[in-house]
Each structure stands twice: as C-alpha cells, then as structure tokens.
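Have a look at the structure below, then the notes.
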Amino acid sequence: MDAAGILMLLVVGGVMIVTGLPTWLVLIGTAAAFAAIGVMIHALPLALLASAPSRLIGLLENDLLQALPLYVLMGALLNRLPMAQTLFRVLTRVLGRSGKGAPVAALALGAVFAPMNGSVGASVVMLGRTVAPRLASSGLTQARGGAVIAMASTLGVVIPPSLVLILLGDAMLRAHTEAVNITGRAARIINTQDVFRGALVPAAAILVLALVITWWRSGASTRDAEAVDLRLRPSEAVTALAVIGGIIALLAAVTLGYVYAVEAAAAGGVALFAYGVATRSIGAAMLRDVLRDTMAVTGALFALLVAATMFTLVLRGFGTDRLLARGLTEMGGGTYAPLAATLVALAACAFVLDAFEMIFVVIPVLVPPVLVRVPDPVWVAVLVLLILQASFLVPPFGYAVLMVRNVLRLRTRVAELVPALLPYLVAQLIVMAAVLAAPGLLWRPGMTEAPGASTPAVSDDEAREMMERQLAPPMPEEPSN
C-alpha cells in the first residue's frame, strides 16, 4: 500500500481539474475517503487518525502563522486603497517621455507591492484593476500586457519577505530538522531569515532582467508619450516617495533580521489603514469589505493548512513518504540527480497546485530526502522558489497565466501568449542555471555550509544506509511476564 499516497495525489489533481472545487475541500475529502478505505482493509492504523487533533493543535500554535492574516489584511487594503494607482501614475509620468512608461511602471509596481500582497492571485487582482486599462490604452497588445502582469505578480514568490517565503522558510526548517535527525550531521538548522537572505541575489537578478526585457520589448508608444503630463503634483510625488521608501525600509528590516515578519506585517497594516484615514479614502463600507475579504481569504488559507495536514498524515500513514524517500536516496548521480528529480516533480505539481498548496502538501514529503543528500538547505530552498516562479509562468496551465486570463478575461490564444511570456521564462531559467551551477552566489551570512565546503555531501551508499535505518519498522516489544 506504499503507493496509495501517489494515487491520492493523482486523485486530487484529477478532481480539481474536472470539478473546480476548492483545493482544501478536495484534499480533506480525498484524505477522508482513503483513510476510511485504509482502516477497513487494515492498511492504516486507526490510532494514527486519533493523533490528528493533537497534530493540528501543535501546528496551529506556531507563532509564525500570526503573520498570515496580517499579510492578507495588507493585500486587501492595497486592493481597495488608491495608493497603487497613485504610485503607478507617478512612475508612468517619470518614464513618460520614452513612451515605455506604462509596462515598466507595471512591473515596478509588482516588485513593490507583490511581497506585501501575500499571494500571486492577490497581486494579479491588484495589477489587473490598476494597470491593465492603462496598458491597453498605451497600445500594448493583450498578450504583451497579460505577460507583464503575470511576470509582475510572480515577483512576490522570490522577493522577501513575502508570505510565500515565510511559509516556505517554516517548511524548510521542518524538513531540515528531519534530515539532520536522519544523518546525525552537526549543523545549524535553517530558519526563515536564511531563506530571505538567500533569495535576495536571485530575486534582484530576476527583477533586473525582467525590467530590461520589458523596456526592450515595449516599443515607444506615441499615444502614451503624448498623453502623459510630466508635471507631478507635490502631493503625488510625496506620496510616491513615502510609499516606496516605507515599503523598502520595512522589507529590508525584515530581511536583515531587525524585525520579525509578524511585527512588519502588523506595522504595514497599521500604516496602510492610517494612510486610508489620512486621505479619507477609507470609510465604513470599504472597511467592511476589507475585513470581509480578509476573513474569507484567511479562512480559506487556514482551511487549506488543516486539509493539507490531514492529507499528509494519511499519506505518511500509508508509507508513501518512505517509498518516495527510498526512490530519491537510491538514485545515483550524487547531489544533482535527486535534486533535479525533485525540482521536476515540483514543476509538474505547480501546474495544478499554487504556492501555498505546494508548501503545505508536496514540500514536506519531497524535500527531507533531498536534504539528506544535499547539505545546503538554503540552496535547495532558493531553487524551490525559482522552479515555482518559473512554473507559474508556463502557458497554458501556469498558475499566474490562468489567473491573468481569468481576471482580465483575455481572449488571446495560447499561441499568442507563448512568445510574450518566453523571454521572461528564459530569464528565470538563466538565473536558475546560475544558482544551480554556483551555489556560492547566494548571500548566506551566518551559514557556513555549502556543497563542497566544510560539510561534504552524503554519498549514495551512505544516504541509502541512513534512510534504511530511519525507515526501518520498529521491532515489536517483548511481552512482559
């Protein structure tokens, strides 16, 4: 029955594609159905299911989850307040004489707000409402405009300290702890700050390449250049400078470890609310809508977390995690073969699952065996981020592409989207290849481990022996007289 968990994953993917039901509902329903079957055929111990409540309570006691509703609140405020529109107008006017202001400003807006929006979907909604009409009026085709918005919405996956990075950091901490327990290696366990700092250099490289590509591909629009008034009102300039400076300062403070993510999220929420009150752009009706959206999205995310926890519990009960671990540890090729296999599997799952579902469901199962073979968890975490971001942009099933097509109601064919998205995908693959070939490019203050450094990678035979000891079933106890 070890392969039952793989069947569960296939059922989840198929049901989601066919029915369109919420992911948390599909996960909990699949887990319940397979758990019932497993108990009836004596393939799953009932005592394992009885441990679910304590497992859920322990999971929800994690202080880091306090940041989740706060990030959602910031995203809801950004979607309702006119701050994004003001900043976009200012950036467009500053770049207006080139005739390329709108697409470059859209990408810059995504880089500023995507880490605070919390998710790719929220970024697409905000950018779709703020910049899509202006991109169309500037002469950009639907395919090019959709590609810019899709690329901008995925920047929150790699630019710290987004909610994706926070949750991935926690998942990597758990996976690294499990790997260290298996190997007995003396190592400092990775934390969220390590993931933030490791992602900085690749995120900067992707942002620079994306800006260059957008500038190069956006032909000068005479309509845009003539329509833009370069004279800025003092209030707009002050607001833009304050917003950009405040966001950069907040993100830098979290990334460098001066404040915690929860504190930064709370400060950001208070600052956005104060801005709304000061500019009289938030009233009782808008506040009610913001709180309703925050509660709805937060509830959906916690439901997804609970459902994913139950799903992985049943999957582990069938022993599928052991099956996958044996497959990865028995794979030859040293460090790169199991890592490449895991990245390919993550890329395939990203066509069906979004970042949160990947972090809650797939990464806890696939990443620990990889960290047994690879002694550098920061390198693995950054590669996971990069493969997720690239997968979200692959048409026609990439998550960001699907969100853009649904939110903007694009009527473009996939054949038109492919050339529009291809340069961004190539840029991401270039950065991923550089990180894969040279792990030393990552900034990792306080981390001394890297492949080939003081802690060598575990050999194929050693990894197989360690995993066999870890996965060996416990010996039954002798009955007492």
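Nothing in this text is a laboratory measurement; each read-out follows from the coordinates by a stated rule. Note that the structure is predicted; figures quoted are calculated from it, not measured. Using ideal geometry, Cβ is built from the backbone for each residue, glycine included, and neighbour counts are taken over all protein chains shown.
Neighbouring Cβ atoms within 10 Å as the yardstick, rank Arg405, Arg233 fewest first.
With the fewest neighbours first, Arg405, Arg233 line up as Arg233, Arg405.
Let's test the formula: R0 of 35 Å, r as the Cβ-Cβ distance of Ala253 and Arg129. What FRET efficiency results, to the nearest 0.05?
With a Förster radius of 35 Å, E is 0.75.
Where does helix 163-183 land angle-wise versus the long Cα axis of the chain, in degrees 0 to 90, nearest 10?
20
If you place +1 on the Cβ of every Lys and Arg and -1 on the Cβ of every Asp and Glu, how big does the dipole about the Cα centre of the range 257-322 come out, in debye to the nearest 20?
100
By how many degrees, between 0 and 90 and to the nearest 10, does the Cα long axis of helix 83-94 differ from the longest principal axis of the chain?
That works out to roughly 60 degrees.
Taking 8 Å as the Cα distance limit and 6 or more residues as the minimum spacing, I'd like the relative contact order of the chain as a percentage.
25
Just subtract the alpha-carbon distance of Ala347 and Ala303 from 0.36 nm times their residue separation and send over the number in nm, one decimal.
Full-extension gain reported as 13.4 nm.
Residue-wise, which Karplus ³J(HN,Hα) couplings in Hz belong to the range 42-59, taking 6.51 cos²θ - 1.76 cosθ + 1.60, θ = phi - 60°, and x for glycine or proline?
Computed from phi, the couplings for the range 42-59 are 6, 9, 9, x, 5, 4, 5, 5, 5, 7, 4, x, 5, 5, 5, 4, x, 5 Hz.
With +1 on the Cβ of every Lys and Arg and -1 on the Cβ of every Asp and Glu, and nothing else charged, how large is the dipole of the range 59-171 about its Cα centre, in debye rounded to the nearest 20?
860
Could you order peptides 291-302, 35-46, 169-180, 377-388 by the average number of other Cβ atoms within 10 Å of their residues, highest first?
Highest-to-lowest ranking by the protection proxy: 377-388, 169-180, 291-302, 35-46.
Quickly work out the Ser235-to-Ala36 label distance, labels modelled 7 Å from Cα along the C-beta direction, and quote it in nm with one decimal.
6.1
With label points built 7 Å along Cα→Cβ from the Cα atoms of Val277 and Ile17, find their separation and express it in nm.
About 5.0 nm, to one decimal.
Which order do Asp376, Asp63 fall in if you start with the one that has the fewest other Cβ atoms within 10 Å?
Final ranking by Cβ density, sparse to dense: Asp63, Asp376.
When the chain is fully extended, how far beyond the present Cα-Cα distance does Leu46 get from Val418, taking 0.36 nm per residue of separation?
Computed gain between Leu46 and Val418 is 129.0 nm.
Classify the range 296-446 as rounded, prolate or oblate from the Cα gyration tensor: take a ≥ b ≥ c as the square roots of its eigenvalues, call it rounded if a/c is under 1.5, otherwise prolate when a/b beats b/c and oblate if not.
It comes out oblate by the Cα gyration axes.
What nm distance separates the two modelled labels at Val270 and Ala434, each placed 7 Å from Cα along Cα→Cβ?
Taking the simple label geometry, Val270 and Ala434 are separated by 3.9 nm.
Can you order the peptides 145-151, 255-261 by their average number of other Cβ atoms within 10 Å per residue, highest first?
So the peptides 145-151, 255-261, ranked by packing, come out 145-151, 255-261.
What's the angle, to the nearest 10 degrees (0 to 90), between helix 414-437's Cα axis and the longest principal axis of the chain?
Value to nearest ten degrees: 60.
Give the distance, in whole Å, between the Cα centre of the range 1-59 and the Cα centre of the range 119-146.
A separation of 38 Å, based on Cα centres.
Pop the C-beta distance of Arg409 and Glu330 into the FRET formula with R0 = 35 Å and round what comes out to the nearest 0.05.
Working from the Cβ atoms, E equals 0.15.
Taking the Cα centre of the range 4-467 as the origin and placing charges on Cβ (Lys, Arg +1; Asp, Glu -1), which of Val414, Leu371, Gly299 is farthest toward the positive end of the dipole?
Of Val414, Leu371, Gly299, it is Val414.
Give, in nm to one decimal, the length gained when the segment between Leu10 and Leu60 is fully stretched (0.36 nm per residue of separation minus the Cα-Cα distance).
Extra length available between Leu10 and Leu60 comes to 15.3 nm.
Got a sec? How would Phe397, Phe311 order by Cβ neighbour count within 10 Å, fewest to most?
Phe397, Phe311
How large is the helix-only mean residue ellipticity at 222 nm for the chain, computed as the sum of -39500 (n - 2.57) over DSSP H runs with n ≥ 4, divided by its residue count, in deg cm²/dmol to the nearest 500?
-24000 deg cm²/dmol
First check a/c for the range 306-354, with a ≥ b ≥ c the square roots of the eigenvalues of its C-alpha gyration tensor; if it is under 1.5, answer rounded, and if not, answer prolate when a/b is larger than b/c or oblate otherwise.
Verdict is oblate for the range 306-354.
Rg over Rh of the chain, using C-alpha atoms and the Kirkwood radius, what does it come to?
Looking at the chain, the ratio lands at 0.99.
With +1 assigned to the C-beta of every Lys and Arg and -1 to the C-beta of every Asp and Glu, and no other charges, what is the dipole magnitude of the range 4-467 about the Cα centre in debye, to the nearest 20?
Roughly 1500 debye, rounded to the nearest 20.
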